[in-house]
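The block underneath contains the structure these notes are about, expressed in structure tokens.
The values are calculated or read from the model by the stated rules, or taken from the named source; none is laboratory data. It should be emphasised that the depicted structure is a prediction, and the values quoted were computed from it without experimental measurement. Cβ placement follows ideal geometry from the backbone for every residue including glycine, while neighbour counts extend to all protein chains displayed. For the accessible areas, the whole protein counts, side chains as well, though only heavy atoms, and no ligand, DNA or RNA atoms are used. Shrake-Rupley method; radii C 1.70, N 1.55, O 1.52, S 1.80 Å.
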Amino acid sequence: MAYDPQTSEEKWYRYWMEHGFFHSAVDRTKSPYCVVIPPPNVTGVLHMGHMLNNTIQDVLVRRARLQGKNACWVPGTDHASIATEAKVVASLKSKGIEKKDISREEFIEHAWEWTRKYGGIILEQLKRLGASCDWERTAFTMDETRSASVIQVFIDLYNKGLIYKGVRMINWDTAAKTAVSDEEVIYKEEQSKLYYLRYRIDGCDEYITIATTRPETILGDTAVCVNPNDERFRRLAGKQCIVPLVNRVIPIIQDEYVDMAFGTGALKITPAHDINDHEIGYKHRLESIDIFNDDGTLNENARLFIGSDRFDARRDIIPALEASGNLVKIEDYINKVGYSERTDVVIEPRLSMQWFLKMKDLVKPALAAVMEDEIALVPAKYKNTYRHWMENVKDWNISRQLWWGHRVPAYYLPGSNDFVVARSGEEAAALVKEKFGLTVNPTDLQQDEDCLDTWFSSWLWPLSVFNGILEPDNEEINYYYPTNDLVSGPDILFFWIARMIVAGYEYRGTKPFGNVYLTGLVRDKQRRKMSKTLGNSPDPLELISRYGADGVRVGMLLCSPAGGDLLFDESLPGQGRNFTTKIWNAFQLVSNWQTADIPQPTHSRLALEWFESYLAESIKTLDTQFKQYRVSEALMTVYTGFRDEFSSWLLEIIKPTRGIPVDRATRETCIRLFERLLQLLHPFMPFITEEIWQQLREREEGESIMISRLPEAGNADSALLEDFERVKEIIAALRNLRAQRDIAFRETLELKVKRHPRHPRRLESILLKMGNLDAIEEVSENPPGSWSFIIDTIEYFVPAAGKVDPDAAKTKLESDLAYAKGFLASVMKKLNNEKFINGAPPAVIENERKKQADAEAKIRAIEEQLSHLT
């Protein structure tokens, strides 16, 4: 029967869940292997990036489980303040309800209702992929344990003097109506306009001209600044000018910050809406006029265009400036504009009262951990990016003007800006008594309206999922922490990964994980990032339905090196599905063999011995590849091992002639080797490997390939492996000869070999079967009237019974000779290069010298054969 992925996937995932194979509990007799999932947003649905990331995690976890480790993969979701609040606001609006018309408590209840309904979708989708998470441990960044952990950490850092409140220039998201951190601002290069505007000097008819990309902000100007070294403006220093349209009189000040080469050399100063202007304004004690509302519309302070959107005001102010005679000219200008990563709207720099976490000293242990390789980044190229961020870290703006999230645990005294930080109103009232000597009712205290940045909860993830903040000495945190591997994307290296490392050293004095595997982006074959807008992102669940979970997993991993982008094309899961079919067909072949108590053929015994050695070498290779996190290469090792070595060579050699049974020893050894291969394949292809493993021999209820033991590398016979590679080449040459000479396989051939120590004599029984030869004879001279070929300087001849065309044979040999000489020339070019000889490792040089010797021997053999034709 054909393999049915959907039936198999549903059956075996249910079987694994029913038997609790994914669950992990503290077991001191086993080494733990722990991975925490990067918690996807509760608003999310499975996309191609999730598919790649979680496939890699599952491969690592399943392999650890097969190695006998106590594998624990902790799943969970992130409450995603900005994204979830936007979803809930939209949901309410569809019901005719505006956020401003309901209380905070009512809104939070709606948010919880939405989260309960939609928040678990992505985790259910991960089950379709085969994710072997410990679902009993599923955590949520706003569940009781995680929430209490966040509040405790805030209080602790505040009491240490690391959290403070202050007015700062921040990045304002006018769509989400909240502050966002510097790291959440994405800069895009845009074709903009540079507007040249003239301000009349107060008391005379002179003008000073400035250049700006944001003419609407002149309504908040409080100075014009020039460089004191600029001769053009020295006479204007200390004078005043008039802001166009609003006629505000402002000073002309001097500061070396001004770039004399930009625009006109004169700079308008708007302290409330530009970070650099704010610094100049603070230095020169300028007034700060905030002209924008939270949603980016102009407020009463602007005096004009009140209620207009900032971009509408930009459009409308130009005709007004032109009419007033203040518009000098407009030029095209390319600049970088900051956008909110969350909502993709242009960021508005704004002065705001916010909560901040001092980072300068906190990051020091986390920086050292990565730079000294206590934590390994894979690939290591990201170390420099990490170092740059950490060495230039700014205080973290941790407050957000949202309702959905962890509310800042600061409580204000009635009618006062004085506050205390506490877990609850009752605790706050006690602190007020202690700190201010006042007796207050907890209900009279006003809790801060802000929420904490979502990252302020997820930075505790490796700690909080094991309750390591609230109970720092509990059994689980002591057993599972630090975790082993983290699989994530480089785009959140600073947002999340670096901050988790900071939290790990602050709260446990050690790293949160040992290795960070950084995936690349999933792009289409035109190298475009996948997105709904472009319509180039396939639905992962549709792919699974079409190609099977195993096929999709293989397709994702076939070409996704760590840190390298995956260029996705549907041919990849198609290739994975075809490989699934290949494995199933091999199983069908073996399972249909009839067995008898008959002697084992020599060719079968030797082929099985060869594959035992091949498997031993492959396991060593896999061990190395996994240690180096070369997961795609590891898949290719076992993929080609099954497709090429097991199916195309071993099974072809040992399969019996139609209608004849196979001997019991051959079949049993073949089944055992098949099982080993399935174990090696299982981390990549969990479903079909379980399906076949269960059927290869009778199993007890509760057995599973996923809890079997991965085979260890035995001793390989390297000489046997070398001999078999020559056998492959000989058989390929014989097949090529038959094709060229139109000789059917059913016709037997005789093979003569010129005596040579590297001829694989012990494997001649395999040559006889696979080449359909009736004899192999060693000779000392070139037999006349024969076709010939050379393998590894060994000369082989097939008697042609008068069918040899001397001219054709000569032409072929001359072509082979030219190729061999060209190859030798390329080798000698390296060996004659002094730079190569002095710089290359000895093993590389030795390999080149071996190539030289082999090429010279082959040239001599070809020249000798040519001499017999002339």
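Here are some notes:
- Measuring r between the beta carbons of residue 643 and residue 774 and using R0 = 30 Å, the FRET efficiency lands at 0.45.
- Spin-label model, residue 156/residue 328: points 7 Å from Cα along the beta carbon direction are separated by 5.7 nm.
- When you count the other C-beta atoms within 10 angstrom of each residue and take the mean per peptide, 34-40, 825-831 line up highest first as 34-40, 825-831.
- Sulfur and carbon atoms: percent of accessible area, the stretch 760-870 [1.4 Å]: 54 percent
- Rounded to the nearest whole angstrom, the semi-axes of the ellipsoid equivalent to the stretch 124-274, taken from the Cα gyration tensor as √(5λ), stand at 51, 20, 14, largest first.
- Global geometry of the stretch 552-653, whether rounded, prolate or oblate, following the gyration tensor of its Cα atoms and the 1.5 cut on a/c: oblate
- For the stretch 422-467, trypsin sites (Lys or Arg not before Pro) are listed when DSSP marks them as loop and at most 14 other Cβ atoms sit within 10 Å of their Cβ; the list is 423.
- Note on the stretch 682-729 and the stretch 1-56: Cα centroid distance 22 Å, given to the nearest whole angstrom.
- Three-way shape label, the stretch 217-277, alpha-carbon gyration tensor, a/c 1.5: oblate
- Between 0 and 90°, nearest 10: helix 144-159 axis offset from the chain longest Cα axis: 60 degrees
- Computed over the chain, the per-residue total of -39500 (n - 2.57) for DSSP H runs of n ≥ 4 gives a 222 nm mean residue ellipticity of -13000 deg cm²/dmol, rounded to 500.
- Cleavage-rule hits (trypsin sites (Lys or Arg not before Pro)) in the stretch 494-573: DSSP loop, at most 16 neighbouring Cβ within 10 angstrom: 525, 527, 528, 532
- For the stretch 728-777: accessible area per residue (Å², 1.4 Å): 53 Å²
- If you take the alpha carbon atoms of the stretch 747-870 and fit the smallest convex hull around them, that volume is 119 Å³ per residue.
- Distance between the 7 Å Cα→Cβ label points at residue 814 and residue 2: 5.3 nm.
- Against the chain, whose longest principal axis is taken from its Cα atoms, helix 631-640 shows a tilt of about 20°.
- Annotation for the stretch 500-589: GluC sites (Glu not before Pro) lying in DSSP loop with at most 16 further Cβ atoms inside 10 Å of their Cβ are 570.
- Whole-Hz ³J(HN,Hα) from phi, Karplus 6.51 cos²θ - 1.76 cosθ + 1.60, for the stretch 522-530, glycine and proline x: 8, 10, 7, 5, 8, 6, 8, 5, 6
- ³J(HN,Hα), Karplus 6.51/-1.76/1.60, whole Hz, each residue of the stretch 333-349, x for Gly, Pro: 8, 9, 9, 9, 10, x, 10, 5, 4, 7, 10, 6, 10, 5, 5, 10, x
- Normalised per residue, the accessible area of the stretch 498-553 is 42 Å², obtained with a 1.4 Å probe and no contribution from ligands, DNA or RNA.
- The angle between the Cα long axis of helix 310-324 and the longest principal axis of the Cα atoms of the chain comes to about 50 degrees, rounded to the nearest 10.
- Order by protection proxy (mean Cβ within 10 Å, highest first), peptides 735-746, 273-284: 273-284, 735-746
- Label-to-label distance, nm, for residues given as residue 735 and residue 718 (7 Å Cα→Cβ offset): 2.9 nm
- A cut-off of 5 Å between modelled amide H atoms, ignoring neighbours fewer than 5 places along the same chain, links residue 376 with 515, 516.
- Taking the chain and dividing mean pair separation by its residue count, relative contact order in percent (alpha carbons under 8 Å, at least six apart): 12 percent
- Averaging the Cα positions of each part gives two centres, and for the stretch 195-237 and the stretch 413-458 these lie 47 Å apart.
- A protection proxy built from the mean count of other Cβ atoms within 10 Å ranks the segments 443-456, 90-103, most packed first, as 443-456, 90-103.
- Of all accessible heavy-atom area on the stretch 403-523, the percent that carbon and sulfur account for (1.4 Å): 46 percent
- Solvent-accessible area assigned to carbon and sulfur over the stretch 301-344 amounts to 46 percent, based on a 1.4 Å probe.
- Here the chain has an Rg and Dmax of 36.5, 117 Å, counting Cα atoms alone.
- The Cα center of the stretch 123-149 and the Cα center of the stretch 352-401 differ in position by 27 Å.
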